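What follows is a single structure, written as structure tokens, with notes after it.
The values are calculated or read from the model by the stated rules, or taken from the named source; none is laboratory data. In this text, all values refer to a predicted model and were calculated from it rather than measured experimentally. Quick reminder, even Gly has a Cβ in these numbers, built from the backbone with ideal geometry, and neighbours come from all protein chains shown. For the accessible areas, the whole protein counts, side chains as well, though only heavy atoms, and no ligand, DNA or RNA atoms are used. Shrake-Rupley method; radii C 1.70, N 1.55, O 1.52, S 1.80 Å.
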Amino acid sequence: MKSIAVLGSTGSIGSQTLDIVQRYPDRLRVKLLAASRVSEKLLEQVKQFRPEYVYVAEGGEIEGVKILSGDTGLDELASLDIDIFINGIAGIAGIKPTYLLLKNRKKQATANKEAIICLGEVFKDRYSEILPIDSEHSAVFQALQAGNRENLKRIILTASGGPFWNSQSLENITVEDALNHPRWKMGRKVTIDSATLMNKGLEIIEAHYLFNIPYSKIEAVIHPQSLIHGIVEFIDGSMIAQMSCPDMRIPISYAISYPDRWETGAKYLNLFEYGKLEFYQPDEEKFPLLKIARECGEKGGAYPTVLTVADELAVDMFLRGEIKFTEIPLIVEKILEKANFKKPESYEDVIFIIEETKKLFKDIYKTAGGKIA
């Protein structure tokens with residue numbers, strides 16, 4: 001019996017993790033659930049899985065469990081005797097839990113790319129202990145086991161391209177359009193990042209840190225069918241690809257069961273239903289955030305953190321209807337142009353950069369009639 005903690009339990013990754021737990025009551029036991037607030041969905045999860053602990057960022061009361069909250073609660077959460085922590089918290093909110101789990105040498109599987117990126121300059125020596133949940137990084141993790149790391153030529157991260165990869169114009173895209181992903185069901189922020197291809201840019205930086213691979217050996221391709229999730233090429237010309245139907249339960253389950261594999265309830269892949277696999281070069285002029293992200297990764301220092309925060313702020317404005325889809329990269333570029341921070345050497349440095357970037361955003365940007373002022 002393996003004890004499990006699910007951080008971000010009411011979100012997309014958390015809900016799919018609990019679907020796997022439900023399939024294996026004889027193998028998995030939920031010891032902790034964590035969410036931003038007490039909600040009907042959280043209460044239903046508590047009733048069904050009966051955890052010993054519940055962390056609620058905003059505090060609250062739930063009968064029959066020990067409630068943890070605030071910074072003190074996070075410290076206690078990260079010190080609990082739990083076999084594996086699933087980190088499904090979205091965005092920069094997941095940075096502190098990731099840091100505490102790394103600090104305490106806890107086994108964690110994470111889908112929070114923002115935390116990996118922001119803490120990369122400080123904690124990359126410990127990233128080999130992390131099991132990736134992102135479908136692309138899970139695919140690379142699996143494919144890398146086919147050979148020795150010194151024989152690696154390159155890795156290829158596939159991108160669905162989102163809903164607009166072959167669109168002629170991005171000018172009049174609505175929030176509803178951008179949230180209508182053709183393949184994956186994800187949270188709102190990551191769905192917008194997929195539409196701008198920023199998600200792939202962030203994943204390039206994440207792959208650099210997770211696998212200690214130079215940027216020169218990391219590529220991205222548009223693969224609209226979303227059946228191949230990642231490819232590893234070795235120096236002998238062999239390419240090892242991980243394929244499956246697009247279902248996040250597969251990488252989540254693999255992280256939990258590693259090195260074993262469990263049945264997940266995901267649909268098995270029937271190649272005849274698709275007939276062909278397509279691959280296209282990403283258009284970095286139409287989707288500039290992909291190029292911007294790679295450049296920030298190559299610069300290193302504070303740039304990956306500033307990029308992450310700037311993107312989250314810009315996406316939030318788009319989701320609130322305050323800016324156009326095409327203004328997201330313009331805001332990110334503006335913030336990067338003004339940012340001038342030293343390389344972070346500690347968790348405290350990372351938090352400083354995050355907070356200063358937010359202040360910078362407020363100083364250089366204001367909304368006036370829906371246009372960048």
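Filtering segment 323-363 down to residues that are among the hydroxyl-bearing types (Ser, Thr, Tyr) and closer than 23 Å to residue 94 by Cα, which residue is surrounded by the fewest Cβ atoms within 10 Å (Cβ to Cβ)? Applying the filter and picking the extreme gives 346. Pairing each residue of segment 40-60 that is under 20 Å from residue 85 (Cα atoms) with any residue that is part of a helix (DSSP H, G or I) and among the β-branched types (Val, Ile, Thr), provided the two are 6+ apart or on different chains, yields C-beta distances under 9 Å for 49/21; 54/46.
Within segment 223-261, the only residue that satisfies the criterion of being touching a Leu at 6+ places or on another chain (Cβ under 9 Å), without any contact (Cβ under 8 Å) to a residue 40 or more places away in the chain and open to solvent by 40 Å² or more (accessible area, probe 1.4 Å) is 243.
Please work out if residue 130 is in contact with a Cys (Cβ under 7 Å, 6 or more places away or on another chain) and not hydroxyl-bearing (Ser, Thr, Tyr). Here the answer is no, as residue 130 does not meet what is asked. Per the listing 220, 266, 302, the residue uniquely open to solvent by less than 50 Å² (accessible area, probe 1.4 Å), in contact with a strand residue (DSSP E or B) (Cβ under 9 Å, 6 or more places away or on another chain) and aliphatic (A, V, I, L, M) is 220.
Sub-9 Å Cβ pairs linking a first residue in segment 330-349 that is closer than 17 Å to residue 117 by Cβ to a second residue that is of a type in the set (Lys, Arg), at least 6 apart or interchain, are 347/96; 347/103; 349/342; 349/343, ordered by first then second residue. Residues that are in contact with a Lys or Arg (Cβ under 7 Å, 6 or more places away or on another chain) and of a type in the set (Gly, Ala, Ser) within segment 259-299 comprise 265, 266, listed in sequence order.
The one condition from (1) open to solvent by 40 Å² or more (accessible area, probe 1.4 Å); (2) farther than 19 Å from residue 94 by Cβ; (3) touching a residue at least 40 places away in the same chain (Cβ under 8 Å) that residue 320 does not meet is (3).
Within segment 88-107, none of the residues are over 17 Å from residue 10 (Cα atoms) and among the small types (Gly, Ala, Ser).
Scanning segment 8-38 for residues that are farther than 16 Å from residue 68 by Cα and aliphatic (A, V, I, L, M) yields 13, 18, 20, 21, 28. Listed by position, the helices (runs of 4 or more DSSP H) enclosed by segment 125-215 that each have at least 2 residues that are farther than 25 Å from residue 300 by Cα and open to solvent by 30 Å² or more (accessible area, probe 1.4 Å) are 175-178. The single condition among (1) in contact (Cβ under 8 Å) with a residue 40 or more places away in the chain; (2) in a helix (DSSP H, G or I); (3) over 30 Å from residue 176 (Cβ atoms) that residue 114 does not satisfy is (3). Selection within segment 305-317: residues that are in contact with a helix residue (DSSP H, G or I) (Cβ under 6 Å, 6 or more places away or on another chain) and open to solvent by 20 Å² or more (accessible area, probe 1.4 Å). The member of this set that is nearest to residue 113 (Cα to Cα) is 312.
Taken over segment 278-295, residues that are open to solvent by less than 70 Å² (accessible area, probe 1.4 Å) and over 26 Å from residue 331 (Cβ atoms) amount to 1.
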